[in-house]
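The values are calculated or read from the model by the stated rules, or taken from the named source; none is laboratory data. Just so it is clear, the structure is predicted and the values come from calculations on it, not from any experiment. No Cβ is skipped: glycine too gets one built from the backbone with ideal geometry, and neighbour counts run over all protein chains shown.
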């Protein structure tokens with residue numbers, strides 16, 4: 001068998017493994033770059049149903065600090081001058097009580113609901129791909145729902161926020177959908193008309209709500225001041241999507257959504273995208289990727305060190321590996337151990353102490369000889385570092401021991 005053949009197989013296996021890893025990395029990279037693994041209107045999605053374009057556009061302004069929120073808002077510090085986008089939920093879905101403390105503290109909350117026909121398709125599509133995987137949520141039958149009943153969630157919604165809802169059909173029949181027009185009714189520097197894609201409208205508003213846009217005489221975008229902050233609720237958040245920024249960009253409306261604060265956050269935790277404070281999260285937050293890579297390299301080197309023999313190859317067919325390597329006896333090993341653990345300057349004193357504790361010291365050494373040996377050790381230690389001679393001291397100790405009584 002050719003001795004080079006195993007090396008060729010090993011190299012081929014390494015190349016195949018590298019190719020498989022590269023292909024797997026590309027697959028995950030494309031999926032994550034597109035963002036279709038995230039819910040609709042997530043700021044991580046780059047397809048038409050995401051809000052990544054708005055996030056990145058705001059981030060390009062040096063005067064704004066733009067980020068994402070993965071935790072409940074009651075943990076957010078310094079709500080002043082902070083705007084939070086709360087996008088991509090069904091109508092009559094409102095934030096919990098924690099958002100009220102944020103708004104009262106001076107924050108601005110922008111609640112944007114999914115277009116109602118998108119929600120209808122989401123509920124009825126029990127088989128096949130989800131609507132956001134098809135990116136065709138503007139197709140399908142539009143069935144205006146009846147007025148809200150006495151369901152517990154609807155009653156709580158109306159009593160807590162002072163908003164009631166009704167449904168007015170959009171233009172179009174069958175599977176062909178056409179957007180409607182919402183008109184500006186407030187004195188704000190906003191576009192006179194904007195395209196609207198939802199059948200949901202407000203009715204019986206509380207007196208504290210101010211209508212900003214109406215569709216067919218019904219409010220569809222309202223604003224309310226609570227404490228030091230403000231709440232904006234829109235029945236259609238399509239204007240914040242990547243598709244809207246590409247085809248029908250409403251710059252003034254988006255700037256008004258962002259407000260005059262210096263910080264903008266896109267909330268992800270209400271969409272189910274949360275951040276667990278684990279080891280990997282801390283490594284990414286403090287940019288310790290190099291430390292993780294170094295630890296991986298050290299682990300691989302450790303495995304290689306324990307699995308690979310460094311003995312030379314055998315030169316003959318019957319010759320054992322390492323036959324010409326001579327070993328060392330116990331005395332040589334003891335000498336090497338002494339050299340590693342004991343300094344030469346400490347050798348006389350250590351040797352004398354060990355000798356005194358041995359059986360030889362108790363075998364007839366007189367007190368006079370012991371005193372002379374201790375005197376030699378003291379003279380060695382009292383001498384200057386450059387004048388100490390280990391061999392001379394050893395000879396003095398040996399002479400005192402051999403001296404007759």
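Of 355, 304, which residue is more than 30 Å from residue 54 (Cα to Cα), out of contact with any helix residue (DSSP H, G or I) (no Cβ under 8 Å at 6 or more places or on another chain) and modelled with pLDDT of 75 or more? Talk me through it step by step, then tell me what you get.
Numbers: 355 fails: out of contact with any helix residue (DSSP H, G or I) (no Cβ under 8 Å at 6 or more places or on another chain).
Answer to the selection: 304.
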Can you report the number of residues in segment 49-65 which are buried (at least 20 other Cβ atoms within 10 Å of the Cβ) and outside any helix (DSSP H, G or I)? 3
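Look through 27, 32 and report the one residue that is surrounded by 13 or more Cβ atoms within 10 Å (Cβ to Cβ), modelled with pLDDT under 75, within 22 Å of the chain's Cα centre (by Cα) and not in a loop (DSSP other than H, G, I, E, B). Spell out the reasoning first.
Numbers: 27 fails: surrounded by 13 or more Cβ atoms within 10 Å (Cβ to Cβ).
Being surrounded by 13 or more Cβ atoms within 10 Å (Cβ to Cβ), modelled with pLDDT under 75, within 22 Å of the chain's Cα centre (by Cα) and not in a loop (DSSP other than H, G, I, E, B) holds for just one of 27, 32, which is 32.
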Within segment 232-247, which residues are touching a strand residue (DSSP E or B) at 6+ places or on another chain (Cβ under 6 Å) and surrounded by fewer than 24 Cβ atoms within 10 Å (Cβ to Cβ)? 232, 233
Given the conditions (1) out of contact with any helix residue (DSSP H, G or I) (no Cβ under 6 Å at 6 or more places or on another chain); (2) modelled with pLDDT of 85 or more, every one holds for residue 83 apart from (1)
From the list 327, 363, 293, which one is over 30 Å from residue 403 (Cβ atoms), surrounded by fewer than 10 Cβ atoms within 10 Å (Cβ to Cβ) and either at pLDDT below 80 or within 60 Å of the chain's Cα centre (by Cα) (or both)? 327
